[in-house]
1. Do you know which residues across the range 326-370 are farther than 25 Å from residue 164 by Cβ and of a type in the set (A, V, I, L, M, F, W, C)?
2. All but one of (1) in contact with a Pro (Cβ under 7 Å, 6 or more places away or on another chain); (2) not hydrophobic (A, V, I, L, M, F, W, C); (3) not in a helix (DSSP H, G or I) hold for residue 19; which doesn't?
3. Can you confirm whether the range 354-375 contains a residue that is part of a loop (DSSP other than H, G, I, E, B) and either modelled with pLDDT under 95 or of a type in the set (Val, Ile, Thr) (or both)?
4. Tell me, which helices (runs of 4 or more DSSP H) wholly within the range 33-152 include 3 or more residues that are polar (S, T, N, Q) and modelled with pLDDT of 95 or more?
5. Within the set of pairs 6+ apart or on separate chains, which have a first residue in the range 216-230 that is charged (D, E, K, R), a second that is part of a loop (DSSP other than H, G, I, E, B), and C-beta atoms under 9 Å apart?
6. Just one of 300, 258 is touching a residue at least 12 places away in the same chain (Cβ under 8 Å) and in the same structural domain as residue 371 (by TED's automatic domain parsing); which is it?
7. Inside the range 37-86, can you point out the residues that are of a type in the set (Asp, Glu) and closer than 13 Å to residue 260 by Cβ?
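The values are calculated or read from the model by the stated rules, or taken from the named source; none is laboratory data. In this text, all values refer to a predicted model and were calculated from it rather than measured experimentally. Cβ coordinates were reconstructed from backbone atoms using ideal geometry, including for glycine residues, and neighbour counts include every protein chain displayed.
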Amino acid sequence: MPASAYSNVNAAVADVELRNQCTRWLNGHRPLRSMRESLLALAELPEAALPPDVYGQGQALQQLEADVAALLGKPAARFMHKGVAAQLAALKVWTERRDNRFVALHQQGHIALDEQDAFEALLGLQGGRLGFVDTALHVAQLDACARDVQLPGAVVVELPLRRGGYRLPEWSELRAISHWCRERGVPLHFDGARLWEAAAHYDRPLADIAALADSVYVSFYKGLGGLAGCMLAGEADFIAAIAPWQTRLAGNVHTLYPFVLSAREGLRRHLPRMAAYRERAQALAAALTAEPGCRIAPEPPQVNAFQLHLPVGPDALREALLEVARCERFWLGARAVASHVLEGGAMVEVVIGDAADGWTDSEALAAWRAAVMRAAG
């Protein structure tokens, strides 16, 4: 392993150790400080008394599939170990049915940016990367793609667009995209890794949102705080066609019960609170907006997460965040990247979960002021 890789590993381990020494955490849900603590918590769940699943067969797993399918208003659902595999399988099935390898997706989408071009490199598909930076996909861009390039074999809409500041299309726009796809017989897939969070913005049942798409992927380890795993939902014949691709993509795991248990607990504990997490994010964002030099994107946040742009460099900010954690035991995070909104500034993502129960907005504001002052020298 190169020296730089060792350095990155050591830094990550040190970050986790420092985070575990803190008493307040800004982002996400309250962290479990050890594997033992995590496993003991799972063992207390009522479903833990059931036998483990074996190669996708088990009472707890099948009940989870049925329950999520019902939540999304789809006839069937399939649990998979990882979202990359789930969405690759979905795109392969849809494009094979259409005999069209061209996939239209947003240029900032997870599939386009964060999966090492897996849909092209592994499956031989071709991506049409559409849209503008920090702007949700519009139906006019699909029109232009079909006119100037070609009609896609599948369309992907990420809800919300994480790399674009957790932005969502307006409900009328999302319906227009759905109508456009159905008029032309083009399958529409929702990359709904954070669909649980998006529902609060639309103020509609999950099933109403999912009804606009032919297939929907949802994650269990982001907003729901699970260990890993996801669900792919759609018509029964589509889900049946996914099965061989799950095996081909190394997803036919011997047992998945820890993931299944944590997914069940996430649905039970966090899904009912998504609207409250969004309100808390909007309140904190409003307070931060008043700080000199700070920018929030989008303003106001549409979900429980947003980008915070600060007038200090990313390296200096990272060191300042670690210092705040050491001195004040308040974990604001440890990752900062260059801002594309403030020249020379830094951007961090703020994601609100149940960890916010441990601090007030004024306490968080004071911690950010301290971090920015330290970073500015």
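1. 327, 330, 331, 359, 365, 366, 367, 370
2. So the condition that residue 19 fails would be (3).
3. yes
4. Working: elements: 35-43, 59-72, 83-98, 110-113, 118-121, 139-148.
Once the helices (runs of 4 or more DSSP H) in the range 33-152 are filtered for at least 3 residues that are polar (S, T, N, Q) and modelled with pLDDT of 95 or more, what remains is 59-72.
5. Qualifying pairs under 9 Å: 222/193; 222/194.
6. On the way: 258 fails: in the same structural domain as residue 371 (by TED's automatic domain parsing).
Result: 300 is the single residue among 300, 258 that is touching a residue at least 12 places away in the same chain (Cβ under 8 Å) and in the same structural domain as residue 371 (by TED's automatic domain parsing).
7. 47, 53, 65, 67
Quick grid of which residues meet (1) of a type in the set (Lys, Arg); (2) farther than 30 Å from residue 329 by Cα; (3) surrounded by fewer than 23 Cβ atoms within 10 Å (Cβ to Cβ):
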| site | (1), (2), (3) |
| --- | --- |
| 26 | no, no, no |
| 41 | no, no, yes |
| 45 | no, yes, yes |
| 48 | no, yes, yes |
| 57 | no, yes, yes |
| 67 | no, yes, yes |
| 73 | no, yes, yes |
| 83 | no, yes, no |
| 96 | no, yes, yes |
